[in-house]
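Data block below; observations after.
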Amino acid sequence: IVNHYTSPIKGEIYHFDFYRLKNIEEALDIGTEEYLDSKNLCLIEWGERIHILLDHFTKVSFIINEDQSRTINVERI
């Protein structure tokens, strides 16, 4: 569910994949709040499953167009 990376520029980075998350309690059990409070970069896939834990975030959406090109939408929430 969570992978940890270290960047020489950004420091600690946490990547979450909540696709298989059954409920919010599973996210709490792995310490998601502590990761989010760490001030490190947190990249979250399927973030709508834990949106109640997020005060603010940047949502990045990828859309596959008919010609197979991609459109990327970035929205600060």
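Given the protein chains as shown and a 1.4 Å probe, how many square angstrom of residue 6 are accessible, to the nearest 10?
Roughly 100 Å² of residue 6 is accessible to a 1.4 Å probe.
Positive end of the dipole of the chain, charges at C-beta (+1 Lys, Arg; -1 Asp, Glu), about the Cα centre: which of 69, 16, 30 has its Cα farthest in that direction?
The residue sitting farthest along the positive end of the dipole is 69.
Evaluate the distance, in nm, between pseudo-label points positioned 7 Å from the Cα of residue 76 and of residue 37 along their respective Cα→Cβ axes.
2.5 nm
How large is ³J(HN,Hα), in whole Hz, for each residue of segment 63-77 in order, when computed from phi with the Karplus curve 6.51 cos²θ - 1.76 cosθ + 1.60 and θ = phi - 60°, using x for Gly and Pro?
Per-residue couplings from phi come out as 10, 8, 7, 4, 8, 6, 6, 10, 10, 10, 10, 10, 9, 7, 10 Hz.
Can you list residues whose amide H is under 5 Å from residue 42's amide H, if they're 5+ apart or on another chain and H is modeled 1.01 Å from N?
Counting only residues 5 or more places away or on other chains, the set is 14.
With charges only on Cβ, +1 for K and R and -1 for D and E, what is the dipole size of the chain about its Cα centre, in debye, rounded to 20?
220 debye
Run the Debye formula on the Cα coordinates of the chain, all scatterers equal and no solvent, and tell me log10 I(q)/I(0) at q = 0.17, 0.20 1/Å.
Those come out to -0.74, -0.95, one per q.
Calculate what fraction, in whole %, of the accessible area of the chain sits on carbon and sulfur atoms when a 1.4 Å probe is rolled over the protein chains.
Answer for the chain is 51 percent, counting heavy atoms of protein chains only.
Excluding residues on the same chain fewer than 8 positions from residue 10, give the lysines whose Cα lies under 21 Å from its Cα.
39, 59
Pull up the DSSP beta bridges for the chain and report the antiparallel fraction as a percent, rounded to 5.
70 percent
Mind ranking 49, 20, 70 by accessible surface for me, highest first, 1.4 Å probe?
Order by accessible area, largest first: 20, 70, 49.
The values are calculated or read from the model by the stated rules, or taken from the named source; none is laboratory data. Predicted model only: the values in this text are computed from it and were never measured. Cβ sites come from the backbone with ideal geometry, for glycine too, and all protein chains shown count toward neighbours. Each accessible area value is taken on the protein alone, full model and side chains, heavy atoms only, with ligands, DNA and RNA left out. Shrake-Rupley method; radii C 1.70, N 1.55, O 1.52, S 1.80 Å.
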